[in-house]
Amino acid sequence: MKLSGMQFLSQPALQLLALCQLAAGSPCKPSSSDSSIVPTTTTIEPVESDSSTIVSETAASVSTLSAEPTTTLEATTDSTTGFGETTTIEVLTSLEATTTALSEVLTTSFTSTTVESTTTTSISQAPINLIVNGGFEDVTDRSSWKKVTPDGDLNVVSNLVHSGNKAGYFNGEAPSSVEASMGIKQDISASTLEAGKLYKLSAWYMLPQSGCFGLFLACGYGESTFALKTELTPYTITYHQAERTCSWTQDELNRGPNIQVVGDCFRVQFFLDDVVLEEVV
């Protein structure tokens, strides 16, 4: 009689077989009727890891390191002496690192400020000529220049000038055999002068003929002239410049300041041009 292999199993073997079916989900096959059956054991060893992010910063760029876990199942079989196989399943997690470089664009903004320099230049004002029509250019002006005395004649000429187109010309002769004071003058407004201040008087002249005891460039007041005066060089047929420094007191200003070209002469002939009276600064 042929018997089934199940009849030779002992009670403990049957219990172990039932446990194997429950644990593995499939029937355990015994290798023989004479040996104990060792069930296949599965050991799962997890390797724990956390997804992490590593950020490194530099002054110019930022690198971000992100790691995503990748799980690999590796099965190894350990063959033992014919009783059965032991299978170990290891869950290996490898980290694949992905580096993302973030390029940071550094923008430097420069603000340019323009400072406008302000320079204040003090320009000295040129001294004002207090003589009216000093070059005799205005032929319609008949009041600025006048004769010191009735003797002689004052005219304006367009030849033999120092500058410009005109010059003053005086020609006089004493009415008798006695010398006479003759010449020309210009009254100066007292409001344009200041008592005690220095003023410079200058004029260009020619004195081709002189029968004088001296012809002078002088400052004065009223009918008088100052004691200090500049004598003009006689018998000159080219222009020369004469200069004189003047100062008036308040009393002299009240009496009417003036400038003069005057002398005691029997006869006299002279040209006058570019007369200037200005404050000494």
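Values in this text are rule-based calculations from the coordinates and carry no lab data. What you are looking at is a predicted structure, and each value in this text was computed from that prediction instead of being measured. Every residue, glycine among them, receives a Cβ derived from its backbone with ideal geometry; neighbour counts consider all protein chains shown.
So here's what we get for this one:
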item: Close pairs (7 angstrom Cβ cut-off, 6 or more residues apart or separate chains): on the phi > 0 side of the Ramachandran plot and in contact (Cβ under 8 Å) with a residue 24 or more places away in the chain in the range 213-239, charged (D, E, K, R) and assigned to a strand (DSSP E or B) anywhere; result: Gly214/Glu231
item: Matching option when the condition is of a type outside the set (Gly, Ala, Ser) and in contact with a helix residue (DSSP H, G or I) (Cβ under 6 Å, 6 or more places away or on another chain), among Leu217, Leu228, Leu253, Leu207; result: Leu253
item: Residue check for Thr140: exposed (fewer than 13 other Cβ atoms within 10 Å of the Cβ), farther than 23 Å from Leu253 by Cβ and not aliphatic (A, V, I, L, M); result: yes
item: Wholly within the range 131-243, strands (runs of 3 or more DSSP E) carrying at least 3 residues that are within 53 Å of the chain's Cα centre (by Cα); result: 199-221
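Residue by residue, here is whether (1) surrounded by fewer than 22 Cβ atoms within 10 Å (Cβ to Cβ); (2) touching a Leu at 6+ places or on another chain (Cβ under 9 Å) holds:
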residue: Ala180; (1), (2): yes, no
residue: Tyr221; (1), (2): yes, yes
residue: Tyr235; (1), (2): yes, yes
residue: Thr245; (1), (2): yes, yes
residue: Glu252; (1), (2): yes, no
residue: Arg255; (1), (2): yes, no
residue: Val262; (1), (2): no, yes
